[in-house]
Amino acid sequence: MLSLSYMLVSRLLAALLVLPTMITVRALHPLQLQRHATSNCHYLPEDAGWPSWNQWGSLNQSVGGRLIAGKPLASVCYGHEANAAACTALQADWTEELIYFTDPIAVMSPKFLNDSCTPFIATATASNSSACALGNLPNYAINVSSAEDLVAGFKFAKDNNIRLVVKNTGHDFLGRSSGQGSLSLWTHNLKDITFLNYTSEGYKGPAVRLGAGVQAYEAYAAVASKDLRITGGLCPTVGLAGGYITGGGHGPLMGSYGLAADNSLEFEVVTPDKGYLVASPSKNADLFWALNGGGGSAYAVILSHTTRAHADGPVAGATVSINNTDETTYWAAVDAWHSLLPALNSVPGAASSFEITEASFFALITVLDGSTTEVTDTLAPFLAQLDQLNVSYASVITYDPTYYAHFSESVSNLPYGPFPTNNLVGGRIIPLSVVSTEDQRSKLIAALRTILGSNTTSWGISGNAANLSVSHTGLDTARLPAWSKMAYTLQINAFPDRDASVDLLNNANAEIIAGQDVLRSLTPGGGTYINEATADPAYWKDDFYGINYQRLLAVKETYDSGVILYGPGVVRSDYWTVASDGRLCKV
C-alpha cells in the first residue's frame, strides 16, 4: 500500500497543468463544443465560449505558474492512471480529512462530491476513465500566494464568464467551495503567523495575524509557545481565518471571550470591485462588520485575519459519558443535561460540547481560569439526577495548566482530529428559553429522538453551549442575533457509508432539512450557524442572517456588485440558480 504522503505528492504533481494535451483535444474535436450557453449563464467546458488554451495559459503565467488543473482524487482508480495500490490506499483514507484539505479542489462533503468519481468501484470499471468525472469540482484552481493572484482570478472569471469559488480547507457543508465549470481560489497555503503588539482605538494588547490557510492545530501550537490562547473551534483542521471567522466562529473559549468574530481586529482582503483592502473598525468599517459573522464567499476573499490573543492560564474541566442501556432512563438523562445548561452556562468562563446518539451521550466541559471545585459543584445536581435515575455513567474532573494542554487531552488523533468527512450537516441555535422550562424542553427532547430515529443512515446530535448574551468586547459585528439568546448551537449529523449512492445522500439531506424544520418550529427567535447547516430554500435568509440581511445586502453591492462570489445560502445567492446541467445562471 502506498503511503499517504506519497499519494499526496503524486496528486499534486499530477495536477499541474498539462496544457499541450488540452490544446490537442481542442484542436481535434472543435465540433463537440456547444453553443447553448447565454450571457445569463456561466460557461461550461463544452461551450464555445469556454476559455481557450492560450487564455488559460496566460492566466497561468500571470499567477506565476500556480494554476492547477482540477483532477478528482479517485482518478488513480481509472483508465491509464489506474494504480491498484494507490486506489486501495485511497479507499482506506476516503473519510480522513488530510487528503481533502491538501488537495486544491476536493471538498469534505459527500453531497457535493456527488459520487462523480468514487474509488469504490468494480475492478472492471477501472479501465473506463469516462466513469471518473469532475462533477461539481472546479476545473482549475489558483494556488493563491498573494493579493495579485486573487486580483488575477477575479479578472479572469469576469472577463471569461466563468464561475468562481473559494476553497481553504474544504470544510464546506453548503457547497460554497465547489461548482461545475468553476475556477477556484485556493487559499490553503497562506500559512504566515505573525505576533503583534496591537494598538488601535478599540484595543491595545497582544494579537496574532493568521494567514487564511492557517489551521486551528497550527495556530494553537504557535500561540501556546508564546503563553497565549486565541478563539477557535474544536476541529483542529479548520482554517481560522476563512469561513470560520466569517460565520462567527464558536468554540471552547467562547464562555470567556465570545465568538471568534467578537475578537476580530483586522482583515486583509481582495474584493471583486475594489481590489486589495484592509478592513477594520476604522477602515472600510462596513466590510469589517460584514466579515465578522455575515457569511463567507460573499464580499471578499481573505488573505489574513488579525485577532486578539489572550494570556494563557489554567483550565478546569470535566467529561461525562453515558451508555443507553434503557431507553426511558437514557432520554431522561439527556433531558437532565439540558436542564443543567442554564446553570452551567452562567459559570464564568464555561463552555461545553456534547454528542448524543441513540447509543450514548458524551459531554466535554471547559472552564477557563476556573477551579475543580467550581466544576464539581456545578455538575453535582446533574450527577445526582443520574444517580436517582439509576443511570450508569462515568465522570472525570480535569485540570490543566494551559488551554493547549486541555485541548490536546480533549481531542484525539491530533493534529488532524477524530472527525470523519462522510458527514451531512444541519443545525439550529437553541434559545436558552427552550431549555429553561420543562414543557419546552420535553418537546425539544422528543424532536431529537425523532431525528435520531432515521433509518436512512447513522445519525448524531452535537451541541456547543455557552453564555453569549454579551459580545465580551462590545465590537459591532454581523453575528446572528440568535447567538445572544442561545443555550447551545445544535448540529444534526448524518454519517452515510463512505460509498453511499447519490440517492441515499439526497434522501439523508432531505431528512436533515425536515429535522431543521421541526427544530425551527420549536425555537422561535432562533437561527442557524451558517457553517454547520444545510441551506433550506425557504428560510435561509432568516436562519443565517436574521435582521442583518438588508445591511449585508448593501455591503455586497458595494464590494461585489456583479455577484462574482456565490455559494448556496450566501448573501444575494438568490441572484443565481443552478441549471439542470450544473451551470450557474442568473435568475
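The values are calculated or read from the model by the stated rules, or taken from the named source; none is laboratory data. Remember, it's a predicted structure, so these values are computed and weren't measured experimentally. So basically every Cβ, Gly included, is an ideal-geometry build from the backbone, and we count neighbours across all protein chains shown.
For the stretch 196-248, which residues satisfy the criterion of being without any contact (Cβ under 8 Å) to a residue 40 or more places away in the chain and not charged (D, E, K, R)?
Within the stretch 196-248, Asn197, Thr199, Val214, Ala216, Ala219, Ala222, Ser225, Gly232, Gly233 meet the criteria.
Filtering the stretch 211-252 down to residues that are in a loop (DSSP other than H, G, I, E, B) and aliphatic (A, V, I, L, M), which residue is farthest from Gly313 (Cα to Cα)?
Ala212
Give the number of residues within the stretch 399-430 that are over 30 Å from Pro568 (Cα atoms) and assigned to a strand (DSSP E or B).
Within the stretch 399-430, residues that are over 30 Å from Pro568 (Cα atoms) and assigned to a strand (DSSP E or B) number 2.
Got a number for residues in the stretch 425-466 being buried (at least 18 other Cβ atoms within 10 Å of the Cβ), at pLDDT 95 or above and polar (S, T, N, Q)?
Total meeting the criteria: 1.
Going by the conditions given, is Val208 part of a strand (DSSP E or B), in contact with a helix residue (DSSP H, G or I) (Cβ under 7 Å, 6 or more places away or on another chain) and at pLDDT 95 or above?
yes
Working carefully through the options Leu340, Leu379, Leu344, find the one that is assigned to a helix (DSSP H, G or I), modelled with pLDDT of 95 or more and touching a Phe, Trp or Tyr at 6+ places or on another chain (Cβ under 6 Å).
Matching residue, one of Leu340, Leu379, Leu344: Leu340.
From the list Ser280, Ser256, Ser297, exactly one residue is at pLDDT below 95 and in contact with a Leu (Cβ under 7 Å, 6 or more places away or on another chain). Which is it?
Ser297
Need pairs with beta-carbon distance below 6 Å; first residue farther than 17 Å from Leu113 by Cα and in the same structural domain as Thr528 (by TED's automatic domain parsing) and within the stretch 500-515, second assigned to a helix (DSSP H, G or I) and not polar (S, T, N, Q); sequence gap 6+ or separate chains.
Gly515/Ile451
Identify the residue in the stretch 458-491 that is within 18 Å of Tyr244 (Cα to Cα) and of a type in the set (D, E, K, R) and, among all such residues, is farthest from the chain's Cα centre (by Cα).
My answer is Asp476.
Looking only at the stretch 102-121, filter to residues that are modelled with pLDDT of 95 or more and over 19 Å from Phe495 (Cβ atoms); which one of those is surrounded by the fewest Cβ atoms within 10 Å (Cβ to Cβ)?
Looking at residues that are modelled with pLDDT of 95 or more and over 19 Å from Phe495 (Cβ atoms), I get Thr102.
Can you tell me which residue is nearest to Trp459 (Cα to Cα) among those in the stretch 495-506 that are assigned to a helix (DSSP H, G or I) and more than 20 Å from the chain's Cα centre (by Cα)?
Leu504
For a quick check of your reading of the model, give me the residue pairs whose first member lies in the stretch 120-133 and is assigned by TED's automatic domain parsing to the domain that holds Ala89, whose second is of a type in the set (S, T, N, Q) and not in a loop (DSSP other than H, G, I, E, B), with beta-carbon atoms closer than 7 Å and at least 6 apart or on different chains.
From the stretch 120-133, the pairs are Phe120/Gln91; Ala131/Thr125; Cys132/Ser75.
Within the stretch 67-84, take every residue that is part of a loop (DSSP other than H, G, I, E, B) and within 25 Å of the chain's Cα centre (by Cα) and give me the one that is surrounded by the fewest Cβ atoms within 10 Å (Cβ to Cβ).
Here the residue is Gly70.
Collect the residues in the stretch 507-548 that are buried (at least 16 other Cβ atoms within 10 Å of the Cβ), in a loop (DSSP other than H, G, I, E, B) and not β-branched (Val, Ile, Thr), keeping them in residue-number order.
Residues satisfying the conditions are Gly526, Tyr529, Asn531, Glu532, Ala533, Ala535, Asp536, Tyr545.
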